[in-house]
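Reading through the structure tokens given below for one structure.
Here, each number is a calculation from the coordinates, and none is a lab measurement. Note that the coordinates shown come from a computational prediction; the quantities given were computed from them, not determined experimentally. Neighbour counts are summed over all protein chains in view; Cβ atoms, including those assigned to glycine, are modelled from backbone coordinates with ideal geometry.
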């Protein structure tokens, strides 16, 4: 794929030099990367590099938190039965684990209910409310779901059950008629930070409940490992409170105190001493998600709650097998979806893709939608038919809010919900064609010609001779990385290829070593270019003919056989343009 390279613009370029001076002559490339992240003063840099729990907001600033905390505290004092109802993804299962463990620690008889993706579908379901009524619970805590559950909230009230909703999805103007609705995205909610994960909102409720019970609020801190896993896996923006929660959560994760997470990490071959957001997203997250994608998500909760090593090993192995099965399905469905997309493009230029095959696996459609977006750089909806209903997932590109696009198709849909870049939906099969055309038209009105070619924006120019120990020492403190705080991408020029470049990973990836053209015999740097194996002939020709390369790259540590070194991760590379 061909990419446009674009230097990220800033409103106040003069702030770069000022920040360099305030931070002891910080290299210009790092200062520019900081200013692009809104860090333009010494105090802002201190807060960015040294986030502390003291900067977390008072949980009672969240609308309805007083009512919610009072009700949960009453359940604790009176020893009531409480049902914890969570979604089946990573955010939902970590939220469920957090709240269930907390309530049981406080002496409450707490049970949990995770809906089945295939029989219940997404969100709060009457089956869970019936389970609560039959079990004798008088309180349901709906976590990472419920903000659109109007009928279910009324049904819970009819059963004499109090309902507290803890959600973080885009809220409607009129929330469900529950006892309390905690969602910082409610239009009327004054909570200062709007981007918490569902598990983050659950954590705030636990904090508030401890305060109501006159218990030390520090008792909530051991749950930050779960909050970190959810924050990374749910792809929420990593600034403000989320940055604090991730930094502190990583410290708890590295201690590997939660048996279920430690066992899952061992099963995945993950080294918690070298933990990154990417390693959570690509190692821990998929295995937890696989439980719900390929069967019962409750297995993930049981693993995360387990304090029995034998049980934890057995459940971790179950999730590992489910993830392997999910990966095989992913590959098969991806190939089929790409063929469908190519047929649609052959018929006409498409701004959005809507792909449907009845027998596709419902648990994998979201992953496949992401793969289609990566391949074609278009918003994509991947649909299957389950229990007589057409259901699916949508993924998008920068500049196209897929939730708003689906909202413009609301009359064709039975149900939908989600974020700017990801959403789920249900619709009648008879509406697929009309939905495909409508979505294509709506996205076509939004997309500009520039948006149709993927762009890699970079933070700054960087001479590789400036990459020294101090540079790396500062750069690694930019972590944890994620949306709104991605790894800085640098542009470097005048590169010589040294040694023998080679394709790896069955030819998919490219490895090479480069060094700046000056000074002669300068230090070389190893480069890994994932997904760029087809550029090997171009690199070989440039080396043979003496043409310099230019490259967009990030910098990362690579640990192999116990040895950690720096490597450049190429985002794109090409023969240098004059």
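Determine the equivalent ellipsoid of segment 413-459 by diagonalising the alpha-carbon gyration tensor, then write out the semi-axes as square roots of 5 times the eigenvalues, largest first, rounded to whole Å. All intermediate terms of the calculation are to be shown ahead of the outcome.
Numbers: eigenvalues 148, 47, 10 Å².
Ellipsoid semi-axes (Å, largest first): 27, 15, 7.
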Original post:
Roughly how large, in nm² to one decimal, is the mean projection of the convex hull of the alpha-carbon atoms in segment 308-351?
Top reply: 4.1 nm²
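Given just the C-alpha atoms of segment 110-163, how large is their convex hull per residue in cubic angstrom?
Details: hull volume 4.0 nm³, N = 54.
Normalising the Cα hull of segment 110-163 by residue number yields 74 Å³.
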**OP:** Return a whole-number percent for the relative contact order of segment 348-452, with Cα pairs under 8 Å and 6 or more residues apart as the contact set.
**Re:** 26 percent
Original post:
For segment 163-258, what number results from the quotient of the Cα radius of gyration and 2.2 N^0.38 Å?
Top reply: 1.11
Original post:
Mind checking Rg over Rh on segment 456-575, alpha carbons, Kirkwood formula for Rh?
Top reply: 0.95
Original post:
Ranked by Cβ crowding within 10 angstrom, fewest neighbours first, how are 535, 389, 25 ordered?
Top reply: 25, 389, 535
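Taking 0.36 nm per residue of sequence separation and subtracting the Cα-Cα distance, how much length would be gained by fully extending the chain between residue 314 and residue 375, in nm to one decimal? Kindly include the intermediate steps, with their values, before the conclusion.
Details: separation 61, 0.36 × 61 = 21.96 nm, distance 3.68 nm.
Once the chain is fully extended between residue 314 and residue 375, it gains 18.3 nm.
Using the Kirkwood radius over Cα pairs, work out the Stokes-Einstein diffusion coefficient for segment 348-452 at 4 °C and 1.567 mPa s, in µm²/s as a whole number. Walk me through the numbers on the way to the answer.
Details: Rh = 13.3 Å.
Reported coefficient: 97 µm²/s.
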Original post:
How big is D, in µm² s⁻¹, for segment 420-488 by Stokes-Einstein at 20 °C and 1.002 mPa s if Rh is the Kirkwood radius over C-alpha pairs?
Top reply: 127 µm²/s
Subject >> Cα gyration tensor category, rounded, prolate or oblate, for segment 450-490 with a/c compared to 1.5 >> reply: oblate
Original post:
To the nearest 10 degrees, how steep is helix 259-268 against the longest Cα principal axis of the chain, on a 0 to 90 scale?
Top reply: 40 degrees
Original post:
To the nearest 0.05, how large is the calculated FRET efficiency for residue 47 and residue 336 if R₀ is 56 Å and r is the Cβ-Cβ distance?
Top reply: 0.70
Original post:
Three principal axis extents, largest first, for the C-alpha atoms of the chain, in Å?
Top reply: 78, 58, 50
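Could you tell me what % of all Cα pairs in segment 112-200 have separations over 20 Å?
Details: 1245 of 3916 pairs.
Cα-Cα pairs in segment 112-200 separated by more than 20 Å: 32 percent.
Kindly provide the Kirkwood hydrodynamic radius of segment 58-319 in Å, to one decimal, from all pairs of distinct alpha carbon atoms.
The answer is 18.0 Å.
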Subject >> Label-to-label distance, nm, for residues given as residue 456 and residue 12 (7 Å Cα→Cβ offset) >> reply: 3.1 nm
Subject >> Rounded tilt (10° steps) of 224-233 against the dominant C-alpha axis of the chain >> reply: 60 degrees
Subject >> Square roots of 5 times each gyration tensor eigenvalue, C-alpha, segment 25-133, largest first, Å >> reply: 41, 20, 12
Original post:
Mean separation of Cα pairs under 8 Å and 6+ residues apart, divided by the residue count of segment 395-547: what relative contact order is that in percent?
Top reply: 14 percent
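Find the relative contact order for segment 275-374 and round it to a whole percent, using C-alpha pairs within less than 8 Å whose residues are 6+ positions apart. Let's see the in-between values first.
On the way: 61 pairs, mean separation 27.2, N = 100.
27 percent.
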